[in-house]
1. Across the range 32-80, which residue is surrounded by the fewest Cβ atoms within 10 Å (Cβ to Cβ) among those that are in contact with a Ser or Thr (Cβ under 7 Å, 6 or more places away or on another chain) and more than 27 Å from Pro125 (Cα to Cα)?
2. Hand me the list of strands (runs of 3 or more DSSP E) wholly inside the range 25-135 holding 2 or more residues that are without any contact (Cβ under 8 Å) to a residue 24 or more places away in the chain.
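Taken together, the values in this text are just the output of simple stated rules run on the coordinates, not laboratory data. This one's a predicted model, so the numbers in the text were calculated from it and none came from an experiment. Ideal geometry is used to build each Cβ from the backbone, glycine not excepted, and the neighbour counts take in all protein chains shown.
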Amino acid sequence: MAARRVVLLYGALMTACVLGTFRAAATKTMEQPLVRIAELEINPARLEVYRAALKEEIAASIRVEPGVLILYAVSVKDHPNQIRIFETYADQAAYEAHLQTSHFKKYKSETQSMVKSLKLIETDPILLGSKTGQH
């Protein structure tokens, strides 16, 4: 009887381990994209140089990084030196990989003296929708 309890207990533990592994895998595959908003204020005297560097960085990120899903850069109407960047990454790992790319590091080093302020806003996505090829 004791041997049967050991076998049942072992079977229960193995089932729990397998189900836990499946649950962890399912959670990872259903992970939400990482979405953030960057609010920047740029030195007006350097605005055109900054915008050129930003365009170059976004183009490279979209072209070579599969985890970079969306990068939209806009300026606040009537305040062209106030830039907002809407960023969507496949997941946290994709964002962290983006920060280590040579094109992002180049952008940061080239524009550091142009940026008067930077605020990064973390978000919780509610619904992310778009139409392909509509922008």
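1. Ala53
2. So the answer is 68-76.
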